[in-house]
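Heads up: the structure comes next, in structure tokens.
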Amino acid sequence: MTVTEFLEARGKPHEARRISEAEAEGAVGRVPEDLREFWMQYGVGYYANRNYWLCTPGSFRGLLPPDPGQCAGNECR
């Protein structure tokens, strides 16, 4: 599904916020580039009466264990 098809089917985002440059940089190599670009252009938020929520991995920091592939020593991204 293209971005245009997604937006036509689900409407514009609600309570959307565009991700920061730091969030965008932190997502490189961790999420598909098309998704990262969508976050930068349209933001994260909900669509289709809250049936679809888009959020960044950082939203779950502290709730989920870190990805060992993203850690160097005791420092995790």
Taking a crude spin-label model, label points 7 Å out from Cα along the C-beta direction, the GLU33 to ALA48 distance in nm is 2.7 nm
Neighbourhood net charge (9 Å Cβ-Cβ; Lys/Arg +1, Asp/Glu -1) for TYR47:
+3
Report the full-extension gain for the segment GLU21 to SER59: residue separation times 0.36 nm, less the Cα-Cα distance, to one decimal in nm.
12.1 nm
Near MET1, within a Cβ-to-Cβ distance under 15 Å, what is the net charge of the other residues, with Lys and Arg +1 and Asp and Glu -1?
-3
Work through the residues other than ARG36 whose Cβ is under 10 Å from its Cβ and net out their charges, Lys, Arg +1 and Asp, Glu -1.
-4
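Each reported figure results from applying straightforward, stated rules to the coordinates on display, with no laboratory input. Small disclaimer: the values here were computed from a predicted structure and weren't measured. For neighbour counting, all protein chains shown are included, and Cβ atoms are generated from backbone atoms with ideal geometry for every residue, glycine included.
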